[in-house]
1. For the chain, list the cysteines whose Cβ sits under 4.7 Å from no other cysteine Cβ?
2. Treating only the Cβ atoms of Lys and Arg (+1) and Asp and Glu (-1) as charged, compute the dipole magnitude of segment 41-164 about its Cα centre; round to the nearest 20 debye.
3. Could you pull out the chymotrypsin sites (Phe, Trp or Tyr not before Pro) across segment 103-170 that fall in loop regions by DSSP (anything but H, G, I, E, B) with no more than 14 other Cβ atoms inside 10 Å?
4. In the chain, what % of DSSP beta bridges are antiparallel (nearest 5)?
5. Give the span of segment 366-458's Cα atoms along each principal axis, as three whole-Å numbers ordered largest to smallest.
6. Given 37 °C and 0.692 mPa s, compute D for segment 39-102 with the Stokes-Einstein relation, Rh being the Kirkwood radius over Cα pairs; round to the nearest whole µm²/s.
7. To test your reading of the geometry: what angle, between 0 and 90 degrees and rounded to tens, separates the Cα axis of helix 332-343 from the longest principal axis of the chain?
8. What residue among Q301, S86, P22 has its Cα farthest toward the positive end of the dipole of the chain, where the charges are +1 on Lys, Arg and -1 on Asp, Glu, each on the Cβ?
Amino acid sequence: MSEQNKMEKIISLCKRRGFVFPSSEIYNGFAAIYDFGPYGVELANNIKRSWWKAMVQLNDDIVGLDSSIFMNPKIWEASGHVFGFSDPLTECKNCHLRLRVDHLLTELNIQADEKMSIDEIDKLFTDNKKKIKCPNCGKNNFTNVKKFNLLVKSNLGNFTEDWNKKPAYLRGETCQGIHVNYKNIINTARVKIPFGIAQIGKAFRNEITARQFIFRTREFEQMEMQYFIHPNDEVEVYEQWREKRWQYYLGLGIKKENLKWHKHENLVFYAKEAYDIEYNFPFGFGEIEGIHARGDYDLSQHTKYSGVDLSYVNLVTKEKFMPHIVETSAGVGRTFLAVLVEAYIEENVGEETRVVLKFNKDLAPIKIAVFPLLKNRPELVKKAKEIYDNLKINYMCEFDDNGNIGKRYRRQDEIGTLYCVTVDFDSLEDKKVTIRDRDTMGQERVKIKELDEYFRKKL
Ligand code: GAP
C-alpha cells in the first residue's frame, strides 16, 4: 500500500465509520474545518483524558485551568500576535488560489528563515519563482509576497461599523489564558515555583492553506502546559520535559521509529529554544507537539502591557525574579491523526483483507461490543442486552445485532473495538459467552458471571 493510498484509505474510513466529517458538508463544506463523529469524539476524549492524566493527575506540581476563548484584545498585542503572528502569502493571478510562500519554497528545498523580513522573503521567492507552478492550475503567475496575520477577528461586543479596526480576537493559542491567570493561581492554588498550569481548549488560526486532512485546520484544539521556573533552572527543566513528552507518545503506542525531533534553528518571536516532536505521517514527518523555552517573554510583556507586576518573590530567600516558562504544546487533532495512522493495519485473513485499527486499550473508542447471535431470537437478544447493560456501567460499549457475525467483527475491527462478546444458543444452557480478541482474533468461552472480573484484568 503506497503512503498516498494509505492516507486516502484512512480519510475514507474516518468518513465511513463516523470518526471525522467535513464541517457543514450539506452546504459543500467549509475549508479546513472538520467535525468529530461518534467514534471520533470518543477517540479525541480518550486522547485528552490521557494527556490530562499524564500532566495534571500524575504531577503534584501541575494544576488545571479552563480559560475563555475571548480575552481582552490587549493580550494579543502584548503577546506579539497582533504584529508578529503572520505567514508569507502569495496569490495565483490566474486561479486566485492563496498559497504559503514558505511551503512553496520548502518544496524546492529552500528554507525561508522565520526572522526574514517580508522584503527578504519576497526577493527569495522572486529569485525562484520560475521553478514554481500553481498546484491548482499549473500556471506560473504569482502576486508579490505579503504578510498575512493569522489571528481570527470577531465583532464581539463591538457594535460600531468599524469593529474591524478594534476587533476581539478568537485566541490563536490557548497558553495566553494561562499566562494571564498565573497570578490568580499563585494566589489561590498554594503553588510555589517550580509549578505548571495545564489547559485543553480550542484555538483558531486563519491558516492560508488547508492541507492534509485534519493536520492543518483553522479551528483546532490544543493541549498546553506552561511550567514556571527560576531562570537558572531553564536548561535542566527544558530537557526533562522533552524526555517526558517523548515518552508520552511511546506510551500511546506510537513506534519510536515513527517519531523524530526537529530542532528549530529559526525561532518564532517568543522562543529561546524550540524542538518539535514530529510523527511520520503518510505525507511525511510533521509536527505533533512543540516544546519551547519561552524565557520571561510572556510574563514580562503582560507586566508591561497590563501594568500589573507578574514577578515572583521566593518567600524563603526573598529573591524577586521574573519566572521563565517551559511550554509543552500539543494538538488534539494531530495526535488523533498520528494515533489513527499508527493503528491502521491491513491483514490478510484467508482470501480477505482485514482492516483493523489497533489502538491501545486506553484510546480505543469502544472497549467491548456485545452481540446476540441472531437478531430475531428474543431469548438471545434479552441475554445480550442484560450483559451489555451491565458492562456499559464501567466501559464504553456497543450493542450490535446487525448482519452476520463476520460482518459485525469486520465493523468492530474497523473502529478498533478491543473485544466482542457473542451470546449464542449454548450461552442459554452453559451460561458462557464467546469473547473474541481484536488483535489475535482468538476466541474463548467465559462464564457470564465472571465477565466483570475478566474485563477488569484485561482493561
Ligand atoms: N503555544 C505555542 C503554540 O501554539 P504551535 O507550534 O504554533 O505552538 C502547537 O502549536 C501545536 O498546536 C502544534 O504542534 C500542533 O499540534 C497544534 N497546531 C498548531 N496549528 C495547528 C493547526 N492549524 N491545525 C491543527 N493543529 C495545529
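FYI, it's all coordinate maths here, none of it is from the lab. A quick note: this is a predicted structure, and the numbers were derived from the prediction, not measured. With ideal geometry, Cβ positions are generated from the backbone for all residues, glycine too; neighbour counts draw on all protein chains shown.
1. So far as the 4.7 Å Cβ criterion goes, C14, C175, C397, C420 stand without a partner in the chain.
2. Computed about the Cα centre, the dipole is about 640 debye.
3. In loop regions of segment 103-170 (DSSP not H, G, I, E or B), the sparsely surrounded chymotrypsin sites (Phe, Trp or Tyr not before Pro) are F159.
4. 85 percent
5. Dimensions of segment 366-458 along the principal axes of its Cα atoms: 29, 28, 24 Å.
6. 201 µm²/s
7. 40 degrees
8. It is P22.
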